[in-house]
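Shown next, in C-alpha cells, is the structure this report addresses.
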Amino acid sequence: MIHIITNHHKTFKWLNIQAKYLKENTANEYRVYCGTSDMPTDINLDDLSLEESVLDKYIIDTMDKVENKHAYKMNYLASLINLSQEDENDLLVFLDPDALPLRSGWDNFIIDALKEYSAAAISREENIEPLLMDHQKPYPHPCFFATTLGFWKKNNLSWDLDASQGAHCAGVLLKQWLDKKGHKWAKLLRTNCFNLHPLNFGIYGGLIYHHGSGNRPIYDSIDVWSRPELSRKYGVSLDLHWPGLLEFNQRISDLVFQEIENNSRFINMYFSGTE
C-alpha cells in the first residue's frame, strides 16, 4: 500500500488533475489522505468528482481545527495513519497539490531507491536561499518526499519548523535530523531540458512535475536573489516595490496550467522533450 498525503489549499483546481496523474501512473495500490483548507464555500466537493471517479481513493478532510500552516496540516494528515493497522514497509509519500507523477510506475522507482536510502525527496538546489545557513541546505522539499511508513512513524518525524535558526522552510529540521542520525536520502534534482522559470514548472528525477506556487503568489527566493542589483536595494520586499513581477509570473503560471489542463502530453513534451 502507498499512503499519499496532500494538502489542497484555497483552490480545488489541481484536485482532479493530480488525481488523474496518480491513477494513470501509479503501479501499486494506494490511498490519498487529502486536506482541503480555506476553500470557497460555494463549491460542493461532490460536484468536482469526474465521471471516471479519479477521487475514489481519496479520503477528504477539511482540517477545520488545524492551524492554518502547511507544515502543521501535513503533520496532521500523517497522524491519521495508524501504524498498528498498516504494514511498516508501506510507502509514505508527501505530495504538494501542484505536484504530479509523470512516469508510469514512478512508485516502483521510489521503492527501489528506498532499498539503499532512508528517504527520497525533491531537492530544489536551483533555488537561491541565502537566508538559510549552510548546514540547513540542501533539504528535502515537502513538495515530494517519500519514505517507509515505519521509518516516519517510529522516528516521530515531522515537518516542524525552527524559526530560532532563521529557517522558515519545512524540511530543514528533517534534513538536520537525517544528517545527525547518518541517514542518506536520495535527491530528485531538476531535469528540465527547457525552462520558462528557473524554479517553477520543474521536472525532478524525470519522475515528478512541480508547478510551484500553485496555490499562492508566484514569488520565491530565486525571484529576488537572482537579481543582484534589485535584491541589494529591496531584499525580500522586492515584490512590494515591483508588484508587476508577481503579476507577470502569475500570467505565465496560468498559461502553463491551462495547457496542463487541456493536454496530458504538454508537461513531458514542453519541459522534458519526451513523449
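The values are calculated or read from the model by the stated rules, or taken from the named source; none is laboratory data. None of the values given here were measured: they were computed from a predicted structure. Positions of Cβ are backbone-derived with ideal geometry, glycine not excepted, and every protein chain shown enters the neighbour counts.
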Pick from Asp254, Asp223: which is crowded, with 18+ Cβ neighbours inside 10 Å, closer than 30 Å to Ser272 by Cβ and of a type outside the set (S, T, N, Q)?
-> Asp223
If you take the residues of segment 166-191 that are more than 18 Å from Ser221 (Cβ to Cβ) and hydrophobic (A, V, I, L, M, F, W, C), which of them is surrounded by the most Cβ atoms within 10 Å (Cβ to Cβ)?
-> Leu188
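Give Asp56, Asp107, Asp112 a once-over and let me know the one that is part of a loop (DSSP other than H, G, I, E, B) and either crowded, with 19+ Cβ neighbours inside 10 Å or of a type outside the set (A, V, I, L, M, F, W, C) (or both).
That would be Asp56, the only listed residue that is part of a loop (DSSP other than H, G, I, E, B) and either crowded, with 19+ Cβ neighbours inside 10 Å or of a type outside the set (A, V, I, L, M, F, W, C) (or both).
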Right, Lys69: surrounded by fewer than 18 Cβ atoms within 10 Å (Cβ to Cβ) and modelled with pLDDT under 90 or not?
-> yes
Quick check: anything in segment 118-130 over 22 Å from Asp223 (Cβ atoms) and surrounded by fewer than 22 Cβ atoms within 10 Å (Cβ to Cβ)?
-> yes
Checked against (1) part of a helix (DSSP H, G or I); (2) surrounded by fewer than 21 Cβ atoms within 10 Å (Cβ to Cβ); (3) among the aliphatic types (A, V, I, L, M), Leu157 satisfies every condition except (1)
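Per-residue answers, yes or no, for (1) under 15 Å from Ala119 (Cα atoms); (2) not in a helix (DSSP H, G or I):
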| residue | (1), (2) |
| --- | --- |
| Cys169 | no, yes |
| Leu173 | yes, no |
| Gln176 | yes, no |
| Leu196 | no, yes |
| Ile203 | no, yes |
| Gly214 | no, yes |
| Ile218 | no, yes |
| Ile222 | no, no |
